[in-house]
1. Which trypsin sites (Lys or Arg not before Pro) from region 216-325 combine a DSSP loop assignment with at most 16 other Cβ atoms within 10 Å?
2. Within the P(r) computed for region 163-255, what percentage of the Cα pairs occupies the region above 17 Å?
3. For Ala185 and Glu330, compute 0.36 nm times the residue count separating them, minus their Cα-Cα distance, and round to one decimal in nm.
4. Between Thr26 and Val39, what length in nm is gained on full extension when 0.36 nm per residue of separation is reduced by their alpha carbon distance?
5. Quantify how much of the Cα-Cα distance distribution of the chain extends past 35 Å, in percent.
6. Are there chymotrypsin sites (Phe, Trp or Tyr not before Pro) in region 149-221 that DSSP puts in a loop and that have at most 13 other Cβ atoms within 10 Å, and which ones?
7. What residue among Val160, Ile91, Pro257 has its Cα farthest toward the positive end of the dipole of the chain, where the charges are +1 on Lys, Arg and -1 on Asp, Glu, each on the Cβ?
8. Describe numerically, in nm with one decimal, the distance between label points set 7 Å from Cα along Cα→Cβ at Val275 and at Glu124.
Amino acid sequence: MYVRRGALPSPLPAAWLPNEWETSRTYNMMRVLTDEGIVGISPGPGPDTVRRVSEYLVGKDPFAMKDHVQFGARLAFGGFGAGIENALWDIMGKACGMPLYRLLGGTPTRFLAYASTTEVGAPEGRAEDALRYLERGYRAIKLRIRNLDLRDNIRLVEAVRVAVADRMEIMVDANQAHVIMPGPAARWSLETAIWTALELQRLGVVWLEEPLSRYDFDSLARLCDRVDIPIAGGESLPDIDLFKAALDEGAYDIIQPDAAGGITRQCKLTTLAEVYHKPLLPHTSPGSEYANMHVMATANTPNTPTPYLELIDDPPVFPSGHFYDLVKEEDRPRVDRDGTLGFTHKPGLGYEWDFEALKRFSVVGEIR
């Protein structure tokens, strides 16, 4: 099922898309039905991928994950893994009557949620936003910095630090790993990244995310050597081999894959992070936080002493409800007053689509 959520509350100048304005979002709502009546769900890929995979899946055992992942390996990243595999994991958890973290051998875990902003914003406005997040229970915030004047980036972080003092942890995302459209945009060199990292280090920032091109492992490693603030990234690396290459080079202090790329891959990357003694703190795309939490519950905690979980939440341009309105109310993530959140403990991924809510949105296609 494919549901168009419609227009965003206002045009979004997302930090990862300089020179573009995002005005609407389409969420692909995946359901995989079995002959036993169990239904697996997940945000899904586009219609073309669904058609190809649905032909393959008919008559297959959802537990034969090795075969399904091998089939999916022939499709591009963001195809099979982004939803269909995770819907099969949802089926397996429901068939076994247990939440996925138990099926994967994990233990109940509470996560420190951080409000992930989407646009850069102005210093005064972001300081006010941070105080509102604090009132809502958040104890951590991720800021975006992509101003042409590097000093404006530091002013923004300084304003938030002054506003919240030590009541909130601050993360910073430079969004330099993505392809940049033509037009004016801040493109960082290694020297720029070093200068910025040292300034953020002075302000007590927890980590600096994606400060350089995604494949420039050499420069990323040199940056890690020059600064004490942890350097994070890897959300856009498409396969395990590239994560290993990055870690061999010393490119990251923290790796950030997303379980939207498949729970199987995420589990393997969790083990890889343990081998290299690196924290894995996942990137989150709308809907992937459920799968991320289940995999994080299997992690070796000495490598990840604080299990941070990213929640996209930047009202009014991109409020968390823009996706969660499509999920049953009792299954939506809720940040407690201490800044943490945990599982629903329901079988499978632990949430269901709210079909009454979906009726309010336009269905742009359905494949059976």
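1. Of the trypsin sites (Lys or Arg not before Pro), not one in the loops of region 216-325 has a Cβ with at most 16 other Cβ atoms within 10 Å.
2. 48 percent
3. On the way: separation 145, 0.36 × 145 = 52.20 nm, distance 4.13 nm.
Length gained between Ala185 and Glu330: 48.1 nm.
4. 2.5 nm
5. 21 percent
6. Of the chymotrypsin sites (Phe, Trp or Tyr not before Pro), not one in the loops of region 149-221 has a Cβ with at most 13 other Cβ atoms within 10 Å.
7. With unit charges placed on the Cβ atoms, the residue in question is Ile91.
8. For the pair Val275/Glu124, the computed spacing is 5.3 nm.
The values are calculated or read from the model by the stated rules, or taken from the named source; none is laboratory data. None of these values were measured; they are calculated from a predicted model. Virtual Cβ from ideal backbone geometry, glycine too; neighbours counted across all protein chains shown. Side chains are part of the model used for accessible areas, which takes the heavy atoms of the whole protein and leaves out ligands, DNA and RNA. Shrake-Rupley method; radii C 1.70, N 1.55, O 1.52, S 1.80 Å.
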